[in-house]
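Asks: Sharing a structure with you now.
The values are calculated or read from the model by the stated rules, or taken from the named source; none is laboratory data. Source: prediction; values computed, not measured. Note that we place each Cβ from the backbone using ideal geometry, even for glycine, and neighbour counts take in every protein chain shown. Ligands, DNA and RNA are excluded from the accessible area calculation, which covers all protein heavy atoms including side chains. Shrake-Rupley method; radii C 1.70, N 1.55, O 1.52, S 1.80 Å.
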Amino acid sequence: MSENQEFAQLTDAQWRERLNPAEYEVLRQAGTEMPFTGELLDENREGIYSCRACGAQLFKSTTKFESGCGWPSFYDPKETDAVTLHSDYKLGYERTEVRCANCGSHLGHVFDDAPATPTGQRYCMNSVALSFATDEPKE
């Protein structure tokens with residue numbers, strides 16, 4: 001069974017067991033953490049940002065930039081197939097939701113409002129939806 005098939009088999013109760021309440025609200029219910037509160041907003045070390053639900057690698061630190069929006073922002077996913085994009089009308093207008101391609105968890109939204117970046121895109125991610133591992137060697 002591939003990894004994404006394994007996660008597709010998880011029930012809502014199993015997700016609740018795996019994730020703390022804040023993680024569950026964002027990752028499985030498409031919630032949003034309060035701006036400027038996430039633990040990874042000011043993370044500046046080199047490393048990889050992964051999905052907190054399944055561990056899939058999503059973004060390299062080299063694509064992170066300060067957008068001023070209050071959430072960690074990236075201009076490109078690590079791999080073109082690391083995330084999937086979906087139309088979201090939850091606020092009454094169209095936005096583009098970003099989900100982990102491996103487990104389907106909600107990560108945040110992407111906007112075409114970052115002209116100073118190489119892609120022009122701002123992947124605005126919830127810190128609680130991500131985990132971070134440095135590229136620093138372990139001692």
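Asks: Tell me the residue from Ser61, Ser50, Ser67, Ser73 that is in contact with a Gly (Cβ under 6 Å, 6 or more places away or on another chain), closer than 19 Å to Val128 by Cβ and hydroxyl-bearing (Ser, Thr, Tyr), please.
Replies: That would be Ser61, the only listed residue that is in contact with a Gly (Cβ under 6 Å, 6 or more places away or on another chain), closer than 19 Å to Val128 by Cβ and hydroxyl-bearing (Ser, Thr, Tyr).
Asks: Now for a different question. Scan region 83-139 residue by residue and report those that are touching a residue at least 12 places away in the same chain (Cβ under 8 Å), assigned to a strand (DSSP E or B) and farther than 23 Å from Glu39 by Cα.
Replies: Answer for region 83-139, where residues must be touching a residue at least 12 places away in the same chain (Cβ under 8 Å), assigned to a strand (DSSP E or B) and farther than 23 Å from Glu39 by Cα: Thr84, Leu85, His86, Asp88, Arg95, Thr96.
Asks: Which count do you get for residues in region 56-98 that are open to solvent by 80 Å² or more (accessible area, probe 1.4 Å) and farther than 13 Å from Gln121 by Cβ?
Replies: The initial filter retains those residues of region 56-98 that are open to solvent by 80 Å² or more (accessible area, probe 1.4 Å), namely 57, 60, 62, 66, 79-81, 85, 89-91, 93-94.
Filter once more, keeping what is farther than 13 Å from Gln121 by Cβ: 57, 60, 62, 66, 79, 81, 89-91, 93-94.
Of the residues in region 56-98, 11 are open to solvent by 80 Å² or more (accessible area, probe 1.4 Å) and farther than 13 Å from Gln121 by Cβ.
Asks: Which of (1) closer than 11 Å to Leu130 by Cβ; (2) in contact with a His (Cβ under 6 Å, 6 or more places away or on another chain) does Ala30 not meet, given it meets every other one?
Replies: Here Ala30 clears every test but (1).
Asks: Right, something else. Which of the residues spanning region 47-79 are in contact with a helix residue (DSSP H, G or I) (Cβ under 8 Å, 6 or more places away or on another chain), free of Cβ contacts under 8 Å to residues at least 60 places away in the same chain and not in a loop (DSSP other than H, G, I, E, B)?
Replies: Phe74
Asks: Which numbered condition trips up Gln9, out of (1) closer than 14 Å to Ser127 by Cβ; (2) out of contact with any strand residue (DSSP E or B) (no Cβ under 7 Å at 6 or more places or on another chain)?
Replies: With (1) closer than 14 Å to Ser127 by Cβ; (2) out of contact with any strand residue (DSSP E or B) (no Cβ under 7 Å at 6 or more places or on another chain) applied to Gln9, the lone miss is (1).
Asks: What residue, of Ser73, Ser2, is of a type in the set (S, T, N, Q) and at pLDDT below 95?
Replies: Ser2
Asks: Let me spell it out: the conditions are (1) crowded, with 19+ Cβ neighbours inside 10 Å; (2) among the hydrophobic types (A, V, I, L, M, F, W, C); (3) under 13 Å from the mean Cα position of the chain (by Cα), and Ile48 meets all of them except one. Which number is the exception?
Replies: Evaluating Ile48 over (1) crowded, with 19+ Cβ neighbours inside 10 Å; (2) among the hydrophobic types (A, V, I, L, M, F, W, C); (3) under 13 Å from the mean Cα position of the chain (by Cα) leaves (1) as the failure.
Asks: I'd like the full set of residues that are outside any helix (DSSP H, G or I), open to solvent by less than 50 Å² (accessible area, probe 1.4 Å) and touching a strand residue (DSSP E or B) at 6+ places or on another chain (Cβ under 7 Å), limited to region 12-45.
Replies: Result: Ala30, Leu40, Glu43.
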